[in-house]
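Have a look at the structure below, then the notes.
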Amino acid sequence: MKIDSYRNQRWLESTLDYIWNTHFEDVPRANNVEIIFGKKAKRRLGSIGLDKDDPGTSIIRINPIFKDLDVPEFVIVATIVHEMTHYAHGFNSPLEQKQQHPHRGGVIRREFAERGLEYMYIEQNAWLKENWPGILDKYFEPTAYRRRNRPVKLKLPWWMSGL
């Protein structure tokens, strides 16, 4: 499905610049940082990685489904803030890595809160929970992404594991 939208490469770059200058002004651009629309995905909204051809460049990839105008801008902005948080914490950037795992312990939500953006984190999660399946229906076969009902596996305490 082709999407006609003002959300193009120039808009994406402008949005990244705005976010950096407004909410991440304390984070140095320690290398070249690019932002592009990546592969269409069901679960991955964005990612950050090093360019395989130029490891001195960090690339933020955003789900191209976000070009769809049914997806509110705050969802896209929150996704970019999430990826910028990884950059600021030293994941796929030359900055010092602040922790071992990029998501453990609620570090993303805490970073949103410290930057005055926790409301956006909450609104994005609520919107995705309510609306993302309907958006995916437009781009994928519904059975291709619905969760299966799986039995819950209970982990036995260590003293019962030998029984």
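The values are calculated or read from the model by the stated rules, or taken from the named source; none is laboratory data. Remember, it's a predicted structure, so these values are computed and weren't measured experimentally. No Cβ is skipped: glycine too gets one built from the backbone with ideal geometry, and neighbour counts run over all protein chains shown.
Numbers at a glance
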{"read-out": "From Lys40, Lys52, residue being charged (D, E, K, R), closer than 28 Å to Pro133 by Cα and part of a loop (DSSP other than H, G, I, E, B)", "value": "Lys40"}
{"read-out": "Odd one out for Ile122, checked against (1) in contact (Cβ under 8 Å) with a residue 60 or more places away in the chain; (2) surrounded by fewer than 21 Cβ atoms within 10 Å (Cβ to Cβ); (3) over 19 Å from Asp51 (Cα atoms); (4) among the aliphatic types (A, V, I, L, M)", "value": "(1)"}
{"read-out": "Residues (of a type outside the set (Lys, Arg) and more than 25 Å from Asn31 (Cα to Cα)) located in segment 78-116", "value": "Gly105, Gly106, Ala113, Gly116"}
{"read-out": "Segment 112-132: number of residues that are assigned to a helix (DSSP H, G or I), in contact with a helix residue (DSSP H, G or I) (Cβ under 8 Å, 6 or more places away or on another chain) and either modelled with pLDDT under 95 or under 17 Å from Val75 (Cβ atoms) (or both)", "value": "8"}
{"read-out": "Every pair of residues 6+ apart whose Cβ atoms lie under 6 Å, when the first sits in segment 27-52 and is of a type in the set (Ser, Thr, Tyr) while the second is surrounded by 15 or more Cβ atoms within 10 Å (Cβ to Cβ)", "value": "Ser47/Arg61"}
{"read-out": "In segment 135-144, residue farthest from Asp26 (Cα to Cα) [restricted to those that are touching a residue at least 12 places away in the same chain (Cβ under 8 Å) and in a helix (DSSP H, G or I)]", "value": "Ala144"}
{"read-out": "Subset of segment 1-29 (residues that are of a type in the set (A, V, I, L, M, F, W, C) and modelled with pLDDT of 95 or more)", "value": "Trp11, Leu12, Leu16, Ile19, Trp20, Phe24, Val27"}
{"read-out": "Selection from segment 68-111 of residues that are outside any helix (DSSP H, G or I), more than 17 Å from Thr15 (Cβ to Cβ) and in contact (Cβ under 8 Å) with a residue 24 or more places away in the chain", "value": "Asp70, Phe91, Asn92, Ser93, Pro94, Leu95"}
